[in-house]
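Trainee: Take this structure, written in structure tokens, and hold onto it; I'll ask about it next.
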Amino acid sequence: MNIILWIMQGLLSVFFIMPGYGKITGSKEQHVADGHLKPNKSILPIRILGVLELSGCIGIILPWLSGIAPILTPMAAISFCLIMASGMFVHITKKEYKMLLMLIPVFILSAVVAYCRFCELA
């Protein structure tokens, strides 16, 4: 089971690297063109989300691997669940139902990692 959890953690980390990097490095014009941002809104929330996603990529792997503060790994998985739940809410309100086909499995994967790693800590 440990190997499966490591694979799941690796997949989650890889899944969040590109969008996190894109949110940090993308220009405001690019985010407006992609429909992630309205022209008169601040880009700061998108930048913060990008930083949180990249931090989660590290937090889902490093604490459990190093044994230093391993509680941070299931907490990162819970954070990914929250990101996915908020993403589902946003896409449902925009009537972008095709995005749910990607968000729901990632939510489930994150929830399984959180549950199993919390169980191992107990």
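Trainee: If you scan the range 104-119, which residues turn out to be within 11 Å of the chain's Cα centre (by Cα) and surrounded by fewer than 16 Cβ atoms within 10 Å (Cβ to Cβ)?
Mentor: If the condition is that a residue be within 11 Å of the chain's Cα centre (by Cα) and surrounded by fewer than 16 Cβ atoms within 10 Å (Cβ to Cβ), then no residue fits.
Trainee: While we're on this one: With the requirement that a residue be closer than 19 Å to VAL14 by Cβ and touching a His at 6+ places or on another chain (Cβ under 7 Å), what does the range 83-102 give you?
Mentor: MET99, the sole residue that qualifies.
Trainee: A follow-up question, please. Within the range 35-46, restricting attention to residues that are surrounded by fewer than 16 Cβ atoms within 10 Å (Cβ to Cβ) and touching a helix residue (DSSP H, G or I) at 6+ places or on another chain (Cβ under 8 Å), which residue is farthest from LEU121 (Cα to Cα)?
Mentor: Residue satisfying both the conditions and the ranking: PRO39.
No value in this document is a laboratory result; all are computed from the given coordinates. Keep in mind that what you see is a predicted model, and the values were worked out from it rather than measured. Positions of Cβ are generated from backbone atoms using ideal geometry, with glycine treated the same way; all protein chains shown enter the neighbour counts.
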